[in-house]
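The values are calculated or read from the model by the stated rules, or taken from the named source; none is laboratory data. Since we're looking at a predicted model, the values are computed, not measured. Heads up, the Cβs are rebuilt from the backbone with ideal geometry, glycines too, and the neighbour counts pull from every protein chain shown. All accessible areas refer to the heavy atoms of the entire protein, side chains included, with ligands and DNA or RNA removed. Shrake-Rupley method; radii C 1.70, N 1.55, O 1.52, S 1.80 Å.
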Amino acid sequence: MADAPADRLYNTDILRLAVTLAEYPLDRVFEVMGEAHSRSCGSHLSIGLDVDNTDRIAKLGLRVNACAIGQAAATLFARHAIGRGMTDITTACRQVETWLRERGELPDWPGLAILAPARDYPARHDAALLPWKAASAALSKPQASG
């Protein structure tokens, strides 16, 4: 029997990533906060960031209400966001969007190939982009003075 479409989309690798979000709790006040919402599927992601003196991500926390694709994307983002600044995040966001929607080249973000099955499901593209969009929103805000 052939795999059902959902079985191809929500494979073991994606589900394994989705369940590791507990490693990045949004459990305190961070210097800057950002949110992103998917109109296509209703997914939502909140991110808190602490940044270093060069405005690069030093620590982060996430609260994700999304499908397994959005959750897996959030985990991949969190694992590799430390040390990246606004330009890095916005460039990666554009690259991920092009890769998903236009079948562009695989972006230089570690582990992203795991999300390749989502390319065939346009309704999941926005969920996959949530972490980059929320981080861009957070990094565009002035830091809290301390």
Quick check on my filter: what residues within the stretch 59-94 are more than 21 Å from ALA123 (Cα to Cα), assigned to a strand (DSSP E or B) and among the hydrophobic types (A, V, I, L, M, F, W, C)? LEU60, LEU62
Restricting to the stretch 52-107, count the residues that are among the β-branched types (Val, Ile, Thr), open to solvent by 40 Å² or more (accessible area, probe 1.4 Å) and within 18 Å of PHE30 (Cβ to Cβ). 2
Residue selected from the stretch 1-50 under the condition small (Gly, Ala, Ser) and not in a loop (DSSP other than H, G, I, E, B), by the criterion modelled with the lowest pLDDT: ALA6
Just one of the numbered conditions (1) farther than 14 Å from LEU76 by Cβ; (2) buried (at least 16 other Cβ atoms within 10 Å of the Cβ) is not true of LEU45; which one? (1)
Can you name the residue in the stretch 120-146 that is charged (D, E, K, R) and at pLDDT 95 or above and is also most open to solvent (accessible area, probe 1.4 Å) among such residues? LYS133
Can you work out which of the residues in the stretch 108-119 that are touching a Leu at 6+ places or on another chain (Cβ under 7 Å) and free of Cβ contacts under 8 Å to residues at least 24 places away in the same chain is surrounded by the most Cβ atoms within 10 Å (Cβ to Cβ)? ARG119
